[in-house]
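This report refers to the structure that appears directly beneath it.
The values are calculated or read from the model by the stated rules, or taken from the named source; none is laboratory data. Please read all numbers here as calculations on a predicted model, not as lab measurements. Note that we place each Cβ from the backbone using ideal geometry, even for glycine, and neighbour counts take in every protein chain shown. Just the protein is used for accessible areas: all its heavy atoms, side chains included, with ligands, DNA and RNA removed. Shrake-Rupley method; radii C 1.70, N 1.55, O 1.52, S 1.80 Å.
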Amino acid sequence: MKIAVIGLGYVGLPLARLFATKYSVIGFDININRVSELNLGIDNTLEIKQSLLESVLLKEPNTGENGLYCSTNLEDIKECNYYVVTVPTPVDKNNRPDLTPLYKSSETVGKVLKKGDIVIYESTVYPGVTEDECVPVLERMSGLKFNVDFFAGYSPERINPGDKEHTVEKILKVTSGSTPEIGIKVNDLYKSVIVAGTHLAPTIKVAEAAKVIENSQRDINIAFVNELAKIFNILGIDTHDVLEAAGTKWNFLPFKPGLVGGHCIGVDPYYLAQKAQEMGYHPEIILAGRRLNDSMGEYVASQVVKLMIKKGIVINGASLLMLGITFKENCPDVRNTKIIDVIASLEDYGIKVSIYDPWATPDEVKHEYSIETTQQLPSKKFDTVVLGVAHKEFSDIDYSLIMNENSVLFDVKGILGNKADGKL
C-alpha cells in the first residue's frame, strides 16, 4: 500500500504525517517553497512540530520504507494506489462555490491513475461533487472507467487549525466508498491510524452531506448568539453574563458571539445553499445565518465608533490599533478572516488603522489582502485599541503602553472581562 496525499496545507500535512507512521506516503503539492521547507522539517502553518515531522521524513521517494517524502514531481506519485485529495474549496467574490482546486487536483491524479487505484476526497463539498464533478475528470484524464477500473471514496476533513488537543488521529472520522466493498477498504485504511475510530457512511453523498451540515449548524448557532448580542446591547445587558446564566441548564448549547471567518464555517453553508438552489429550493435559515454573520464586521466597527464619539475622539484621522488579523486565536491562518471587514469599515470612517499580530506572517497578509501588518507591538499610543482576535499574547499586554487615558478599548471576544469599554 502506497499513499499519495495531494495538497499539503492545514488538512493534508497532518494527515500525511499520520499515515506515514504506518505506510509509505508521498505528499504532493505544487508550492515549491512549501515542499522544500517540509522536507527540512519546517511547517509554517505550525500544525506539526519540527521533531514530529522529522521523525517520519524520508530522504528519497519510493524507497519502500514507511515514512513521508514531499514532492512537486508527478513521477513520484505514479506508484501509489491510494490518492487522498485535501485541497481547499473556497467561494468566489459572490459567495459561489469555486471547485477549481478540485478540478485541477483531479486532473493531476487522473494523469497517473491506474487500474485498481482508489481516489479519496477530503475537501468540503456539497453532496454529489465527488461522483458528479471529480470522477468525470478522473475518467477523462486516465481513460479508465469508474467503479470498473478505479474507485472513489470520501472522508471529510475535521481539522481544527491551531488546536493541539483535537488532532487528526483523535477526531472520529467519517468514511465512505463508491461501492460497499470500497467503503470497507477506505474505512479500514483510516481505522488503522485514527485512534478515535471511524464511522462508515452508506454512500459518498451521505458523507458529503454530513460534513457540510456540521459547519452549517455551527454557523446558524453562532448567528443566533450574534443576534442576541445585538439585542442585549440595545437593552444594556452584558451578553456574556446572560450566556453564563443560561448555560447552567444541562442542555443549553455554549455558543458565543463573534466574527465567523475561516475556511470552514464561513464558507461551507454556501456550498449547501448553492446545491439546494440548483434543485429549486431556496434555503432560508442557512442564508439568513450567513447574512447575519457576514454583517458582524460592520457592526463591530459601528460600535467602536460610537464609543469613540462618546469619549470625544475626533473620528476622521484617529489612530487605531487592531490586535489580530487571523481568522481565529493562536493560529497563523488568515484565510477568509472577518477582521478584514472590521478594518474596511473603520477605514470608511476615516480612521487610520495599524495591525499587530504575532501569529500572522506579514508577507502572507500582504499577498492575501494587500495590507501591512507587524509582528512587533508598536511603541506608541493610539486613540483606540480593538482586540479582534483572542491570541494568548494579548492577555499579557500592558495596555497603558499603547493607550492614552481617554483611549477606547474594545474587546471583540470578551477575554478581558469588564476591563474594556465594549465587547460583543
Discussion item. Among (1) without any contact (Cβ under 8 Å) to a residue 60 or more places away in the chain; (2) in a loop (DSSP other than H, G, I, E, B); (3) under 25 Å from I309 (Cα atoms), there is one condition L377 misses while meeting the rest; what is its number?
Written reply: (3)
Worksheet item: If you check N233 against the conditions, is it in contact with a strand residue (DSSP E or B) (Cβ under 7 Å, 6 or more places away or on another chain) and either open to solvent by 10 Å² or more (accessible area, probe 1.4 Å) or of a type in the set (K, R) (or both)?
Response: no
Worksheet item: Can you tell me which residues in the range 4-45 are part of a strand (DSSP E or B) and buried (at least 24 other Cβ atoms within 10 Å of the Cβ)?
Response: A4, V5, I6, V25, I26, G27, F28
Discussion item. If I filter the range 403-413 for residues that are in contact (Cβ under 8 Å) with a residue 24 or more places away in the chain, open to solvent by 30 Å² or more (accessible area, probe 1.4 Å) and closer than 20 Å to K306 by Cα, do I get at least one hit?
Written reply: yes
Worksheet item: Name the pairs whose Cβ atoms lie under 9 Å apart, with the first residue in the range 221-250 and over 17 Å from K413 (Cβ atoms) and assigned to a loop (DSSP other than H, G, I, E, B), the second among the hydrophobic types (A, V, I, L, M, F, W, C) and open to solvent by 40 Å² or more (accessible area, probe 1.4 Å), and 6 or more positions between them or separate chains?
Response: I237/I231
Worksheet item: Any chance the range 196-218 includes a residue that's assigned to a loop (DSSP other than H, G, I, E, B), modelled with pLDDT under 95 and open to solvent by 70 Å² or more (accessible area, probe 1.4 Å)?
Response: no
Practice prompt. Determine the pairs where a residue that is polar (S, T, N, Q), located within the range 154-170, has a partner that is assigned to a loop (DSSP other than H, G, I, E, B) and open to solvent by less than 30 Å² (accessible area, probe 1.4 Å) with Cβ atoms under 6 Å apart, the partner being 6 or more residues away or on another chain.
Written response: S155/E122
Worksheet entry | Tabulated pairs, the range 122-134, first within 18 Å of V186 (Cα to Cα), second part of a helix (DSSP H, G or I) and among the polar types (S, T, N, Q), C-beta under 7 angstrom, 6+ apart or interchain | C134/S106
Fill in: Criterion violated by K185 - all others in (1) open to solvent by less than 50 Å² (accessible area, probe 1.4 Å); (2) in contact (Cβ under 8 Å) with a residue 60 or more places away in the chain satisfied
(1)
Practice prompt. Looking for whichever is in contact with a Ser or Thr (Cβ under 6 Å, 6 or more places away or on another chain) and at pLDDT 95 or above here; the options are Y103, Y121. Which one fits?
Written response: Y121
Item to complete: Output the residue which, of all residues in the range 359-370 that are open to solvent by 40 Å² or more (accessible area, probe 1.4 Å) and in a loop (DSSP other than H, G, I, E, B), is nearest to E298 (Cα to Cα).
Response: S370
Worksheet entry | Number of the exception - V389 against (1) open to solvent by 20 Å² or more (accessible area, probe 1.4 Å); (2) closer than 30 Å to L228 by Cα | (1)
Discussion item. If a residue counts only when it is farther than 17 Å from D411 by Cβ, which helices (runs of 4 or more DSSP H) contained entirely in the range 255-351 have at least 3 such residues?
Written reply: 268-278, 284-294, 339-348
Practice prompt. Test L307 against the stated conditions and say whether it is of a type outside the set (V, I, T) and either surrounded by 22 or more Cβ atoms within 10 Å (Cβ to Cβ) or closer than 18 Å to N221 by Cα (or both).
Written response: no
Response to the item:
Sole miss for S55 among (1) without any contact (Cβ under 8 Å) to a residue 12 or more places away in the chain; (2) farther than 25 Å from G162 by Cα is condition (2)
Worksheet item: Taking G324, is it among the small types (G, A, S), more than 16 Å from A420 (Cβ to Cβ) and within 19 Å of the chain's Cα centre (by Cα)?
Response: no
Item to complete: Being more than 26 Å from the chain's Cα centre (by Cα) and of a type in the set (S, T, Y) is the filter; apply it to the range 271-304 and report the residue that is least open to solvent (accessible area, probe 1.4 Å).
Response: S302
Practice prompt. Identify all residues within the range 325-351 that are touching a Leu at 6+ places or on another chain (Cβ under 7 Å) and over 18 Å from H391 (Cβ atoms); write none if there are none.
Written response: L346, I351
Worksheet, complete the sentence: If we keep only residues of the range 1-60 that are of a type in the set (D, E, K, R) and touching a Gly at 6+ places or on another chain (Cβ under 7 Å), then the residue nearest to E169 (Cα to Cα) is E54
